[in-house]
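Structure first, commentary second.
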Amino acid sequence: IMESWSFLDTVESNFRPLVVIELAKGTKEETIEWLTKRIMDKKANGGAQLLIKPLVTENGVENIYLVGASHLRLLLGAETVGLVKECSDNSMRTFTYSSRKTFKHFADDNHNFLTMAECQYIIKHELENLRAKNEKMIPGYPQAKLYPGKSIVRRLLTNGILVQIFPLHDREELKKLSHSWYGRVKVGYQPLDDIRCYFGETIALYFGFLEYFTFALIPMAVIGIPYYVFAWEDYDKYVMFATFNLLWSTVILEVWKRICAVLTYRWGTLLMKRQFEEPRPGFHGVLGINPVTGREEPVYSSIKRQLRIYLVSLPFVCLCLYFSLYVMMIYFDLEQWALDYHRENESNFSNLMLYVPSIIYAVVIEIMNRIYRYAAEFLTSWENHRLESSYQNHLILKVLVFNFLNCFASLFYIAFVLFDMKLLRQSLATLLITSQILNQFAESLLPYWLQKRYNRRMKKHMCSKKTDMDLSLAEQVNMEKEMGTYLGTFDDYLELFLQFGYVSLFSCVYPLAAVFAVLNNITEIYSDALKMCRVYKRPFAEPTANIGVWQLAFETMSVISVVTNCILIGMSPQVDALFPDSKMDLVLTVALVEHLLLAIKFIMAFVIPDKPRDIQMKLAKLEFESLEALKQQVRAFHMQLHFLLIHH
């Protein structure tokens, strides 16, 4: 490999811009010179050995730079990040430059061997791993301190010198993908492999999960319709429906793990080794030695962090939960007022008024969820977590707890305190439908409309300057840098998680919930696709092997739903009539049924393997081969050592 690095030429005639770096206006000349030198410097000198050019527009050179890399450089980068590609014998292996000829579709002149998203991921990885050597500060900015091993890009970001780094869209590819994905209304699967090639595995897995989840809800929706039409008040008939739902939700979550393994094996991320995590950009502390790597980096006392979590974050979250319950009680007062008003007037208008409190409450819930989200992000950032994964887990926990209580507390109160099934059904329907409409509007339609307006203004501005309507590179970059930044799949999964709660927690009361969920998800696929292709800047690809902590969140929700449905059925008049003498017998029977169902759930989860048999075999084969290769290396090393000792 070292030979390959030394042959690597940093000048290449066919420069292909892949990533855009935008610096702050008025960035000092010496800073720009130093940064471009570090980016272009040879690997041996601590550089990234990439290609960088300023973006030249009609106004001259702006503060925008384009980064690319030679084909050879990208292949060596693919080995550094540990990309897994398909071999000629159809097996998946970690790419190495020395064995490049054994990989499918590899040829020295085939520049499409790595997808554009993979190339951009490699460049991002190389830029983030550009580290300070002996510089004490960023040239021209004495307050921006550096120390050996500090990521230069992270320091530039935290000091506001670097505005943003983003990957460029490929206009032709995007047009093709848009057409096959959402350009025509069709019944069929999404082009998941194309989505993965363009946006990376994390986003492709989200869309895979959304599609799978929609299909998986169809049996619940189909069975729910006749229940809604015929058996309105007979709760004993709901026992079958609820039991089916509870077991079905376990099956769909377990089967998803298998589908996920099939997809990620095909994409190569199931085999990717987890990289050693770097400190996140916002992490700060006093300089110390990392006990694991031995490198000098900021160190922050874990006791201080724990104090911040337990003395500030936890009380704040509890206060928010209390406020959420207080708002809920106001909603019940409004509900009572609407009921009294209807009793007095008994008109069409008063009938409509019965739904108004629920609609207002649903809107308030959405607003509170969004405000709380900002507060949770600020708090989690202030807690100063060293790793991105730790930051994400704390944020997800805070947001899930609040959203769960905020969205479902009123339903639990109606079901288990007021025992009002009619109101529960009405509230559930209103909350579900209103939240779906609001989410579709806020997430996709509004940003799309704003983006379209901005593009129209930009095009007018361009046309006034010149007649050629075809977007030049400078215009494309200027247009894309103003687009919104996609903040990841967090909100999308959260929306699905809450929807799963509405469908499963009270499934025996409102069987139409699954129908609305399916209809919403079909439009969600189209609106999310539109959002990815037209509204946001292209996000960097992120390799991932599963949906992470969300799998656990969905499984927890399905366990809670067993408990709620068993209690609801136990409270129904029909079941109540079976135990006229002893309420204790009823409670024990409900508890027994609930424990049985939970036992069946856990047995099913255990019996259904997480990975299909053929993938288990392939993984075992690869592990065996890597162990054999390691043995061979050790044997060869011993032979060399033996040879040297004899000659000495």
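The values are calculated or read from the model by the stated rules, or taken from the named source; none is laboratory data. Predicted, not measured: the structure shown is a model, and the values here were computed from it. Reconstructed Cβ throughout: ideal geometry from the backbone, glycine too, with neighbour counts over all protein chains shown. The protein model used for the area step is the full one, side chains on, heavy atoms only, and it has no ligands, DNA or RNA in it. Shrake-Rupley method; radii C 1.70, N 1.55, O 1.52, S 1.80 Å.
Quick look at the values:
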| read-out | value |
| --- | --- |
| Residue among ARG196, ARG171 that is open to solvent by 50 Å² or more (accessible area, probe 1.4 Å) and not polar (S, T, N, Q) | ARG171 |
| THR293 vs. criteria surrounded by fewer than 14 Cβ atoms within 10 Å (Cβ to Cβ), part of a loop (DSSP other than H, G, I, E, B) and either modelled with pLDDT of 90 or more or not assigned by the TED database to the domain that holds LEU130 (or both) | yes |
| Wholly enclosed helices (runs of 4 or more DSSP H) of segment 338-437 bearing at least 3 residues at pLDDT below 85 and open to solvent by 30 Å² or more (accessible area, probe 1.4 Å) | 348-353 |
| Any hit, segment 561-575, residues being without any contact (Cβ under 8 Å) to a residue 12 or more places away in the chain, outside any loop (DSSP other than H, G, I, E, B) and under 24 Å from SER427 (Cα atoms) | no |
| Residues that are farther than 30 Å from ILE259 by Cα, open to solvent by 60 Å² or more (accessible area, probe 1.4 Å) and not in a helix (DSSP H, G or I), drawn from segment 576-616 | PRO580, ASP581 |
| Conditions (1) small (Gly, Ala, Ser); (2) surrounded by 15 or more Cβ atoms within 10 Å (Cβ to Cβ); (3) under 30 Å from LEU130 (Cα atoms); number of the one not met by ALA221 | (3) |
| Residue within segment 511-523 that is modelled with pLDDT under 85 and of a type outside the set (D, E, K, R) present | yes |
| Tally, over segment 35-56, of residues that are more than 19 Å from ILE165 (Cα to Cα) and of a type outside the set (D, E, K, R) | 3 |
| Qualifying residue in segment 172-190 (condition: among the charged types (D, E, K, R), over 30 Å from LYS85 (Cα atoms) and assigned by the TED database to the domain that holds ASN546) | yes |
| Criterion: modelled with pLDDT of 75 or more, under 19 Å from GLU388 (Cα atoms) and of a type in the set (A, V, I, L, M) - qualifying residue of VAL222, VAL299, VAL251, VAL229 | VAL299 |
| Sole exception among (1) closer than 20 Å to LEU270 by Cβ; (2) without any contact (Cβ under 8 Å) to a residue 40 or more places away in the chain for PHE113, by number | (1) |
| Any chance TYR361 is aromatic (Phe, Trp, Tyr) and without any contact (Cβ under 8 Å) to a residue 40 or more places away in the chain | no |
| Filter pass, LEU319 being open to solvent by 50 Å² or more (accessible area, probe 1.4 Å), outside any loop (DSSP other than H, G, I, E, B) and under 29 Å from ASN134 (Cα atoms) | no |
| Residues that are surrounded by fewer than 17 Cβ atoms within 10 Å (Cβ to Cβ), assigned to a loop (DSSP other than H, G, I, E, B) and in contact (Cβ under 8 Å) with a residue 60 or more places away in the chain, drawn from segment 140-163 | GLY140, PRO148, GLY149, GLY160 |
| Qualifying residue in segment 398-413 (condition: over 30 Å from PRO511 (Cβ atoms), of a type in the set (D, E, K, R) and assigned by the TED database to the domain that holds TYR510) | yes |
| Subset of segment 144-161 [among the hydrophobic types (A, V, I, L, M, F, W, C) and in contact with a strand residue (DSSP E or B) (Cβ under 6 Å, 6 or more places away or on another chain)] | ALA144, LEU146, LEU156 |
| MET479 being assigned to a helix (DSSP H, G or I) and at pLDDT 90 or above | no |
| Check on GLU33, part of a helix (DSSP H, G or I), open to solvent by 40 Å² or more (accessible area, probe 1.4 Å) and either among the aromatic types (Phe, Trp, Tyr) or at pLDDT 90 or above (or both) | yes |
| Any chance LEU622 is assigned to a helix (DSSP H, G or I), at pLDDT below 85 and surrounded by 11 or more Cβ atoms within 10 Å (Cβ to Cβ) | yes |
| Residue match in segment 64-87 (condition: assigned to a strand (DSSP E or B), open to solvent by 10 Å² or more (accessible area, probe 1.4 Å) and without any contact (Cβ under 8 Å) to a residue 40 or more places away in the chain) | no |
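Quick grid of which residues meet (1) in contact with a Leu (Cβ under 8 Å, 6 or more places away or on another chain); (2) closer than 14 Å to PHE207 by Cβ; (3) open to solvent by 20 Å² or more (accessible area, probe 1.4 Å); (4) in a helix (DSSP H, G or I):
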| position | (1), (2), (3), (4) |
| --- | --- |
| TYR486 | no, yes, yes, no |
| LEU494 | yes, no, no, yes |
| GLN499 | yes, no, no, yes |
| VAL503 | yes, no, no, yes |
| VAL509 | yes, no, no, no |
| VAL515 | no, no, yes, yes |
| GLU524 | yes, yes, no, yes |
| SER527 | yes, yes, no, yes |
| LYS531 | no, yes, no, yes |
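Conditions tested, residue by residue: (1) under 32 Å from the mean Cα position of the chain (by Cα); (2) farther than 23 Å from TYR141 by Cβ; (3) basic (Lys, Arg).
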position: LYS43; (1), (2), (3): no, yes, yes
position: GLY47; (1), (2), (3): yes, no, no
position: PRO54; (1), (2), (3): no, no, no
position: THR57; (1), (2), (3): no, yes, no
position: TYR65; (1), (2), (3): yes, no, no
position: GLY68; (1), (2), (3): yes, yes, no
position: LEU74; (1), (2), (3): yes, yes, no
